[in-house]
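Novice: Here you go, one structure.
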Amino acid sequence: MKKVIIILFVLVLSFSLFAGLKVRPIMECVENHGDGTYTARFGYLNENPNTLIIDIGVHNMFVGASSEDMGQDTIFLTGRHENTFTADFVQGDNFVWTLGGPNGHGSVNANSGSTACPRGDDADGDGVDDATDEYPDDIERAYNNWYPGAGANDWGTLAYEDYWPLQGDYDFNDMIIDYRFNTVTNSSNLVVDVNGLFRLRAIGASYSNGFGIEFPFNADSVTVAEILPASLNPVLTNSNSNLVIYFFNSSHDYMTPAGEDFFVNTVMTETPVDYFEFSLQMTLEPTQNINNLVWLAPFNPFIFINGELGKEVHLAGFPPTEAANRSYFGTEDDDSNLSQERYYKTAANLPWGINLPTTWVYPIEQTAITEAYIYLADWAQSSGVEHADWYESNTGNAILEKLYYQP
Ligand SMILES: [Ca+2]
Ligand SMILES: [Ca+2]
Ligand SMILES: [Ca+2]
Ligand SMILES: [Ca+2]
């Protein structure tokens, strides 16, 4: 009799000890990837001293997700276990994980408003640590690649002579455009954005010239291209498969001469005119590695002369687009040879377009650049080996009274 009572007592004690002890689901936190996608981390607490099994089904299921089985645990070890599985969801979803039956108890949910996970070393999970990730909350972006520099005052200059295929007065101020570029890449060095800021600074020309850029990107990969201000009427087209943007056709539409002639900011005695600023914000499908591009910023910029689309003038050594009229090449002073990939150079290697990594001080109207910058010819003849700093105006390389300074 005594034995039976003891056994009963043990049974009652066991029941009272373990009744109400359950496996409880826990939603740890939600990672926000910054692009409308989220990852919820889950764990559990098994209050029992032994392992329990709760199969997927009515007692262990997800509601609000694509399946009742989101990879959740079915074998529950005793105690608290953190981050045992994760589930991905999007903005607007509400995932509910429920444990029930004799061994489970409770429901937890995960949505965009749930407790955010503490930031780790790589908050957006793109594989680039926060310390070097220039977009730490954006999984699609990681690095800025500024040209000519990241500082707000770092500008490059494009300068063109519009008498091509003649050298003409060769004053190299017929179109002056300053620029800054930022090519944004993701964690795999694939180009995501190309952002450009431009300032039309001078028009020392009677022709009203247009401006365009050929990019080494497949035109089909562009998802966003915003060009401002709205007073521009840009045209996007392609050359072979490359994207070409014509920003404007007629420079004089955007800067009005202060004097009685056509010249803007190239004659010292005339009132200076404010620059005209315009911008490009372009987003691409991330398929093109920045290290494999044939041209980096400022890419392949060109002018076209007096509204004639086919009369393109590019930087020395850069090819014309498909739209260029081939009949001009190799005529007059132009010594281009398309079959030898020799572009926009005179027989002495002098250019019609130059790109300088600084805010360049250009010659005054109708003063040849070779008179203002005394080492340009040597630099060109040596194919860029000698006098690499020929364009620096404050180093004894220039005749200062032949340069245009904003008063
Ligand atoms: Ca990151
Ligand atoms: Ca990032
Ligand atoms: Ca000129
Ligand atoms: Ca000029």
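The values are calculated or read from the model by the stated rules, or taken from the named source; none is laboratory data. On a predicted model such as this, the values are computed, not experimentally measured, just so you know. We place every Cβ from the backbone using ideal geometry, glycine too, and count neighbours over all the protein chains shown.
Novice: When the residues of the range 312-352 are filtered to those that are aliphatic (A, V, I, L, M) and either buried (at least 19 other Cβ atoms within 10 Å of the Cβ) or outside the structural domain of Asp378 (by TED's automatic domain parsing) (or both), which remaining residue is nearest to Gly212 (Cα to Cα)?
Specialist: Among residues in the range 312-352 that are aliphatic (A, V, I, L, M) and either buried (at least 19 other Cβ atoms within 10 Å of the Cβ) or outside the structural domain of Asp378 (by TED's automatic domain parsing) (or both), the one nearest to Gly212 (Cα to Cα) is Val313.
Novice: For residues that are of a type in the set (A, V, I, L, M, F, W, C) and within 18 Å of Ile176 (Cβ to Cβ), tally how many sit in the range 371-399.
Specialist: 4
Novice: I'd like to check something: does the range 34-53 contain any residue that is surrounded by 17 or more Cβ atoms within 10 Å (Cβ to Cβ) and within 29 Å of Phe181 (Cα to Cα)?
Specialist: Scanning the range 34-53, I find at least one residue that is surrounded by 17 or more Cβ atoms within 10 Å (Cβ to Cβ) and within 29 Å of Phe181 (Cα to Cα), so the answer is yes.
Novice: Tell me which residues, restricted to the range 138-180, are among the polar types (S, T, N, Q), more than 15 Å from Thr370 (Cα to Cα) and touching a strand residue (DSSP E or B) at 6+ places or on another chain (Cβ under 9 Å).
Specialist: Scanning the range 138-180 gives Asn144, Asn145, Thr157.
Novice: Can you tell me which residues in the range 223-265 are aromatic (Phe, Trp, Tyr) and in a loop (DSSP other than H, G, I, E, B)?
Specialist: Tyr254, Phe262, Phe263 - these are the residues of the range 223-265 that are aromatic (Phe, Trp, Tyr) and in a loop (DSSP other than H, G, I, E, B).
Novice: In the range 344-383, what residues are touching a Gly at 6+ places or on another chain (Cβ under 7 Å) and within 13 Å of ligand 3 (Cβ to nearest atom)?
Specialist: Glu365
Novice: Can you work out which of the residues in the range 285-311 that are closer than 15 Å to Ser251 by Cβ and aromatic (Phe, Trp, Tyr) is surrounded by the most Cβ atoms within 10 Å (Cβ to Cβ)?
Specialist: Only one residue fits best here, namely Phe302.
Novice: Does Ser279 satisfy the criteria of being of a type in the set (Gly, Ala, Ser), closer than 30 Å to Ser221 by Cα, modelled with pLDDT of 95 or more and in the same structural domain as Gly204 (by TED's automatic domain parsing)?
Specialist: Yes, satisfied.
Novice: Take Glu365 and tell me if it is over 34 Å from the mean Cα position of the chain (by Cα), surrounded by fewer than 18 Cβ atoms within 10 Å (Cβ to Cβ) and over 26 Å from Val235 (Cβ atoms).
Specialist: Criteria not met by Glu365.
Novice: Report whether or not Phe217 is modelled with pLDDT under 95 and outside any loop (DSSP other than H, G, I, E, B).
Specialist: Yes: the conditions hold for Phe217.
Novice: I've got another one for you. Just need a number here: residues in the range 297-314 that are in contact (Cβ under 8 Å) with a residue 60 or more places away in the chain and closer than 28 Å to Thr185 by Cβ.
Specialist: Looking only at that region, the number is 6.
Novice: Among what's in the range 210-234 and is under 11 Å from Ile245 (Cα atoms) and of a type in the set (A, V, I, L, M), pick the residue that is surrounded by the most Cβ atoms within 10 Å (Cβ to Cβ).
Specialist: Out of the qualifying residues, it is Ile213.
Novice: If you don't mind, another one. Report whether or not Ala123 is at pLDDT below 95, buried (at least 19 other Cβ atoms within 10 Å of the Cβ) and outside the structural domain of Glu332 (by TED's automatic domain parsing).
Specialist: yes
Novice: Now a separate question. Test Val194 against the criterion of being away from ligand 3 (no atom under 16 Å from the Cβ), touching a Ser or Thr at 6+ places or on another chain (Cβ under 6 Å), in a loop (DSSP other than H, G, I, E, B) and not acidic (Asp, Glu), and give yes or no.
Specialist: Taking the combined requirement at face value, the residue does not satisfy it.
Novice: Same structure, new question: Given (1) over 13 Å from the mean Cα position of the chain (by Cα); (2) not assigned by TED's automatic domain parsing to the domain that holds Leu296, where does Tyr170 come up short, assuming only one miss?
Specialist: Checking Tyr170 against (1) over 13 Å from the mean Cα position of the chain (by Cα); (2) not assigned by TED's automatic domain parsing to the domain that holds Leu296, the one that fails is (2).
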